[in-house]
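The values are calculated or read from the model by the stated rules, or taken from the named source; none is laboratory data. What you see is a predicted model; the values in this text were computed from it and never measured. Quick note on the areas: whole protein, heavy atoms, side chains included, nothing else; ligands and nucleic acids left out. Shrake-Rupley method; radii C 1.70, N 1.55, O 1.52, S 1.80 Å.
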Amino acid sequence: MTKELLSFIVYIIHACANKWDLKPSAVYKQMQRVNCIADFLTPNYEVLHTQGTQYIVEDIKEYLAVRGEFV
């Protein structure tokens, strides 16, 4: 994992936590339960990092919901 990818993931976790009024650790745990980081953020980093934060947060919310993790 590159430094840029790690920074992106941390940034997105904090963006989701702020939007959903949760602690970053709670968001991280939700993401880990459904492999969001490994199966969504990491492989799609090249496209996602060019998108707006709000767009990515909404994509993650949908990804989690489809997998039974509700925010």
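Compute the accessible area per residue over the chain, keeping the other protein chains in place, probe 1.4 Å, unit Å².
64 Å²
HN-Hα J couplings of segment 54-65 from phi, Karplus 6.51/-1.76/1.60, θ = phi - 60°, integer Hz, Gly and Pro as x?
4, 4, 5, 4, 5, 4, 5, 4, 5, 4, 5, 4
Taking only C-alpha pairs under 8 Å that are 6+ residues apart, what is the relative contact order of the chain in percent?
33 percent
Explain nothing, just compute: Karplus ³J(HN,Hα) = 6.51 cos²θ - 1.76 cosθ + 1.60, θ = phi - 60°, for every residue of segment 19-30 in order, whole Hz, x for Gly and Pro.
For segment 19-30, the Karplus curve yields 5, 9, 6, 10, 6, x, 5, 5, 5, 4, 4, 4 Hz.
For the chain, what's the radius of gyration and Dmax over Cα atoms, in angstrom?
Values for the chain (Cα only, Rg and Dmax): 10.9, 30 Å.
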